[in-house]
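Single-structure report; data block below.
Every read-out reported here was derived from the displayed coordinates using simple, explicitly stated rules and does not represent laboratory data. The structure displayed is predicted, hence computed values, not measured ones. No Cβ is skipped: glycine too gets one built from the backbone with ideal geometry, and neighbour counts run over all protein chains shown.
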Amino acid sequence: MHVMVNPIEDRTFRSLTYMTGLEVEVFIPNVQKLIDDEQPLEERYNSDFNWKRYHNLEEIYAWLDKILIDYANVTEGLVIGQSYEGRDIRAVKISHNTGKPAIFIESTIHAREWITVATATWFINELLTSDNSQVRELAENYDWYVVPVLNVDGFVYTHTNNRLWRKTRQPNANSDCIGTDGNRNFDAHWMENGGASDEPCEDRYAGSAPFSEPETEALSEFVASIKDDLRIYLAFHSYSQFLLYPYGHSEEEIPQNKEDLEAIGDVFTSAIRNLAYGTEYTHGTTANLLYIASGSSIDWAYSELDIQLAFLIEFRDTGRYGQVLPPAYIIPNAEEILAGLIALVDKAKDLNYI
Ligand SMILES: [Zn+2]
């Protein structure tokens, strides 16, 4: 269990754990220091878009505008809907020819998972600029749809108010607590088996009803509109270094193509392990590997849209830095996810999903 302790409570916390015999290890002595280092002052006024620091929504959208101009032949900008606070939820389509099998990437449904949008934008850039033959193959043989920031309101809020905010920003009736966990808000075994919370103040609040959030509703309508071409659904998250597949609502219910999902999990994790970083990923079903989690987007894509390959990837790390992964790790994380995805798509082709 990872716990963040208010400095004022530090001594009490230590003496309590000492008295109860709990073993404690300090991962991060000062969380605020890490947060400050994510956007160093000298970089903050540097308008270059790069992957040496984390960017805010305005910078990310300005970069999207730029690539849509620079790569106008192969890109298309889409607005899939508006957030509760009225912001555009944008997607980029990368396509070298019409009618290719499609792969969809959902990123940053959880506002504080900044490494997800950094990786999504880096990946878009690789698809457009890399001359590596495997990446070119990936870029040119598929229609890619990427939503770099789904939870736009929450993401803005992590930049302006609370770095560790997770949920959307829509108020809840009869509660002072704001927001819903977007990844418990999908219409797939919604609120089953204790896999989410019905308490609006909780981080895993499932919302008042499936798709109560404009962001998840917009996403579901968009994905449903491309489902005939869609072969692979990917959801980017952090942290834990996991490749997860359905189901989340039950440990007993096993997907009918479990063997294929396992085989894909094997090649994904070994592709990552074989890079110089040697990072260890583990694969399995959400319920078995992580915890019971109902109403997630991958379960919805899998069971409601019949997208046979739906994966949730929990990026680096395993808790050393947690959600506040220093920017020096953006590129290593992105490189290993690219290697993993090359292997994943390759195996999906071998197994005739594409
Ligand atoms: Zn997440």
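For the chain, adding -39500 (n - 2.57) for each run of n ≥ 4 DSSP H residues and dividing by the number of residues yields -11000 deg cm²/dmol at 222 nm.
Out of segment 268-329, which trypsin sites (Lys or Arg not before Pro) are coil in DSSP terms and have no more than 15 other C-beta atoms within 10 Å?
Details: sites: R273, R316, R320; in loops: R316, R320.
When the trypsin sites (Lys or Arg not before Pro) of segment 268-329 are filtered for loop state and at most 15 Cβ neighbours within 10 Å, R320 remain.
Roughly how compact is the chain, stated as its Cα Rg over 2.2 N^0.38 Å to two decimals? Can you show the working numbers first?
Details: Rg = 19.8 Å, N = 354, 2.2 N^0.38 = 20.5 Å.
Rg over 2.2 N^0.38 Å, computed on Cα atoms: 0.97.
Residue separation of R320 and S208 scaled by 0.36 nm, minus their Cα-Cα distance, works out to 36.9 nm of gained length.
Once a ≥ b ≥ c are taken as the square roots of the eigenvalues of the Cα gyration tensor of segment 147-237, is the result rounded (a/c under 1.5), prolate (a/b larger than b/c) or oblate (a/b not larger than b/c)? It is oblate, given that a/c is not under 1.5 and a/b is not larger than b/c.
If a/c stays under 1.5 just call it rounded; otherwise compare a/b with b/c (prolate if a/b is bigger, oblate if not). Do that for segment 245-354, with a ≥ b ≥ c from the square roots of the Cα gyration tensor eigenvalues. The shape class here is oblate. Once the convex hull of all Cα atoms in segment 1-85 is built, its volume per residue stands at 200 Å³.
Once you order the gyration tensor axes a ≥ b ≥ c over the Cα atoms, which shape class does segment 156-198 get: rounded for a/c under 1.5, otherwise prolate or oblate by comparing a/b with b/c? Walk me through the numbers on the way to the answer.
Numbers: a/c = 2.64, a/b = 1.74, b/c = 1.52.
It comes out prolate by the Cα gyration axes.
Taking 23 Å as the limit for the C-alpha separation, the pairs K52/K349; K227/K349; K33/K66; K167/K227 exceed it in the case of K52/K349; K33/K66; K167/K227. Net charge in the neighbourhood of R273 (other residues with Cβ under 11 Å of its Cβ; Lys, Arg +1, Asp, Glu -1) is -3.
Springs between Cα atoms under 10 Å define the GNM used for the chain, and in it the highest mean-square fluctuation of E304, E262, E23 occurs at E23.
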